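A.B. asks: Submitted below is the structure of interest, expressed as structure tokens.
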Amino acid sequence: MATAKTARKKSPQRAPTRKAPARKQSAFDALIIGAGFSGLYQLYCLRDRLDLSALVLEAGDGVGGTWYWNRYPGARCDSESHSYCFTFDEKLYKEWQWSERYPGHAEVRRYLNHVADRFDLKRSIRFGTRVTAAHYDEAANRWQVTTEAGERLTAKFLITAVGCLSTANVPNIPGLDSFKGRWVHTGQWPHEGVDFTGKRVGLIGTGSTGIQATPVIAETAKHLTVFQRTPNYSVPARNVPLTAEFQRYVRENYPELARTMRRTPNGHAFVIEDRSVFDVTPEERQAIYEAAWEVGGLQFRAAFRDLLADKAANDTAADFIKSKIRQVVKDKATAEKLANIDHPYAAKRPPIDTDYFEAFNRDNVALVDVRADPIEAITATGIRTRSGTEYPLDIIVFATGFDAMTGPLLRMDIRGRDGLPLAEAWKAGPRNYLGLQVAGFPNLFTITGPGSPSVLCNMPVAIEQHVDWITGCIAHMRANRVERIEARPEAVERWVEQVNIAANATLLPQVPHSWYLGANIPGKPRVFMPYAGGMARFRAICDGVAARGYEGFALS
Ligand code: NA7
């Protein structure tokens, strides 16, 4: 068995081919679903550190996960590039050079391909393979996995690396089938792109995606109509090409940057200021917000420590951003529609943008408030709202988000002990332990599952923590001849309570129309899904659980 040390020393070229799964091999120690950040790192850990036979099953034809599918105009990461990457390998961290403050989708894919090639991961990935079902066979203690093509594979461990935002939500608006133009969802963007030249485009949705796509589509479309249901805050991203000096700073400060990312609540490489909104005078506060606005990005949220805990504190940030919207947008009526925001700042996922509000100053961009005048139908030629107004369109872009967090898991037919469907176990909302394991589903691990910080954190940091924990757990099982691990129901109960307590200490659950609560999907149980207690605290909890002999899990 290779030790972690020897395995890490192997160069891709020298990696032994005996570990490459033959096409017909169907039994594995571990099957991993998804080849994004999570799947790639989990594969590396299990195959190269623990020397297990492991295979990744990936629906797409390449690595990238969310970045494989989200190629819409303007698709760009909201985390800064030097923090949106793996930190597990210092050499990898230092050898990759990002070109911009926020990487665009193509650059993230290049990075993930580089990682996959550097560690020779692709030979252990089956692309174009969508998992449709996974059933636990108790007698054999194995997961029976079925793919869309009817292939059947088995493994002792099943690890979902399916991402939190990978099930596109196309709203059920009457008449879509009758539309004679073209429609696309941003999360399933055609690889060849969409040509908007000379087209009348309608874009539905003003979350992070719609806010990124609007100014870019407006550049080439003949006309763009943005259909806004919930007005949204956004802070300028201030994206720039990285200077050689900054790239050197990143290389030279790897240990410090990695440490900061691991100890901050959101997993970013900046710290949240330890001051309250009301520790400073109104003038000082204004100056702090102005400075944060100039810096741009998600760091705006870190200007004060109490923005997400205290509504009165939050109001000061909200009012500041609304005043900026009114300053930027020249048409008064449009500015009011954009600034008429009804929820606390950052209580929904806070977007950052490049010229979003500015786009509404263009002659070819219009805003429609579909809260006041809801979309009633899609017709052969466009969109009709309740008032009877028709918007003639050639292309409709759905920037309408995802069935977040539980969607990617529940669209597979996952069944645990006694054939219990996951959909049944979660019919009142997701229930698990540490976001990692569901009671009744032995040896199934869900990377960044609901109940973990995931979407409230810079994702690669959350992913590395979960993968490291799972890898440590499997190594522990092997060392102690444990065949099966399963969350105890009482530990699940306690964890669900912890997730609720953490959420209720913030303003986050107070937004009725948030996808954090599942509110964007009709019929989905309203349960606050991510763990809001912060990544650093979550890491300490998980470490403590492992140190106490995997407390709360049944090992047999
Ligand atoms: P989001 O944040 O879920 O945004 C989806 C947007 O689409 C949001 O403005 C929704 O309004 C709107 N929407 C959804 N359904 C409809 C219908 N039926 N009619 C009108 N408007 C609708 O998804 P994104 O893709 O922007 O971002 C997802 C995450 O990706 C983001 O948070 C980052 O983490 C990266 P609503 O707010 O529900 O009223």
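A.B. asks: Alpha carbon centre of segment 261-323 versus segment 117-153: separation in Å?
C.D. replies: Centre-to-centre (Cα) distance: 44 Å.
A.B. asks: Once every DSSP H run of n ≥ 4 in the chain is given -39500 (n - 2.57) and the sum is divided by its residues, what mean residue ellipticity at 222 nm do you get, rounded to the nearest 500 deg cm²/dmol? The partial results should precede the final answer.
C.D. replies: Values: 17 runs with 171 residues, N = 556.
Rounded to the nearest 500, it is -9000 deg cm²/dmol.
A.B. asks: Right, something else. Show me the ranking of peptides 64-74, 438-448, 214-224, 481-491 by mean Cβ neighbours inside 10 Å, starting with the highest.
C.D. replies: Values: 64-74: 23.1, 438-448: 24.9, 214-224: 21.1, 481-491: 15.8.
Order by mean packing, descending: 438-448, 64-74, 214-224, 481-491.
A.B. asks: Additional query: Over all directions, what mean area does the Cα convex hull of segment 26-133 project, stated in square nanometres?
C.D. replies: Numbers: hull surface 28.7 nm².
Average projection, Cα convex hull of segment 26-133: 7.2 nm².
A.B. asks: Cα atoms only: what Rg and Dmax, in Å, come out for the chain?
C.D. replies: Here Rg and the maximum Cα pair distance are 23.6, 70 Å.
A.B. asks: Report, ordered by chain and residue number, the aspartates and glutamates lying within cross-link reach of K156, taken as a straight Cα distance under 15 Å and ignoring same-chain residues fewer than 8 apart.
C.D. replies: Straight-line reach from K156, under 15 Å: D29, D51, D137, E138, E483, E486.
A.B. asks: Next question, about the same structure. Which shape class, rounded, prolate or oblate, goes with segment 163-235 when its Cα gyration tensor gives a ≥ b ≥ c as root eigenvalues, a/c under 1.5 marks rounded, and past that a/b bigger than b/c marks prolate?
C.D. replies: Values: a/c = 1.31, a/b = 1.07, b/c = 1.22.
Verdict is rounded for segment 163-235.
A.B. asks: Just tell me which aspartates and glutamates come within less than 13 Å, Cα to Cα, of K222; anything on the same chain fewer than 8 places away is out.
C.D. replies: Here the aspartates and glutamates satisfying the reach criterion relative to K222 are D195, D363, D394.
A.B. asks: Something else now. Nearest 10 degrees is fine. How inclined is helix 311-328 to the longest principal axis of the chain, computing both from alpha carbons?
C.D. replies: Once rounded, one gets 60 degrees.
A.B. asks: With every protein chain present, what is the per residue accessible area of segment 237-395 (1.4 Å probe, Å²)?
C.D. replies: Numbers: 7680 Å² over 159 residues.
Roughly 48 Å² per residue, with all protein chains present.
A.B. asks: Take the solvent-accessible surface of the protein heavy atoms, probe 1.4 Å, and return the percent of it on the chain that carbon and sulfur atoms account for.
C.D. replies: Numbers: 11230 of 22500 Å².
Percent of accessible area from carbon and sulfur atoms in the chain: 50.
A.B. asks: Using only Cα atoms, tell me the angle between helix 459-479 and the longest principal axis of the chain; keep it within 0 to 90° and round to the nearest 10.
C.D. replies: That works out to roughly 10 degrees.
A.B. asks: How tilted is helix 535-547 with respect to the longest principal axis of the chain? Cα atoms for both, answer in degrees (0 to 90, nearest 10).
C.D. replies: Around 10 degrees separate the two axes.
A.B. asks: Could I ask something else about it? Want the number for N361 to N141: 0.36 nm per residue separation, take away the alpha-carbon distance, what's left? Kindly include the intermediate steps, with their values, before the conclusion.
C.D. replies: Details: separation 220, 0.36 × 220 = 79.20 nm, distance 6.14 nm.
Extending this stretch completely gives an extra 73.1 nm.
A.B. asks: What aspartates and glutamates sit close enough to K24 to cross-link, taking a C-alpha to C-alpha distance under 18 Å and skipping anything fewer than 8 places away on the same chain?
C.D. replies: E58, E148, E151
A.B. asks: Output ³J(HN,Hα) for segment 256-265: one whole-Hz value per residue in order, computed from phi by the Karplus curve 6.51 cos²θ - 1.76 cosθ + 1.60 with θ = phi - 60°, and x for Gly and Pro.
C.D. replies: Whole-Hz 3J(HN,Hα) from phi for segment 256-265: 5, 5, 5, 5, 4, 4, 7, 10, 8, x.
A.B. asks: Quick one: if you stick a label point 7 Å off each Cα along the C-beta vector at E273 and H191, how many nm between them?
C.D. replies: Here the modelled spin labels are 4.6 nm apart.
A.B. asks: Does segment 329-369 come out rounded, prolate or oblate, given a ≥ b ≥ c as the square roots of the eigenvalues of its C-alpha gyration tensor, rounded meaning a/c under 1.5 and, failing that, prolate meaning a/b above b/c? Kindly include the intermediate steps, with their values, before the conclusion.
C.D. replies: On the way: a/c = 2.62, a/b = 1.55, b/c = 1.69.
It comes out oblate by the Cα gyration axes.
The values are calculated or read from the model by the stated rules, or taken from the named source; none is laboratory data. These numbers were taken from a predicted model, which means no experiment stands behind them. Methodologically, a virtual Cβ is constructed for each residue, glycine included, from the backbone with ideal geometry; neighbour enumeration extends over all protein chains shown. Accessible surface is based on the protein model in full, side chains and every heavy atom, while ligands, DNA and RNA are left aside. Shrake-Rupley method; radii C 1.70, N 1.55, O 1.52, S 1.80 Å.
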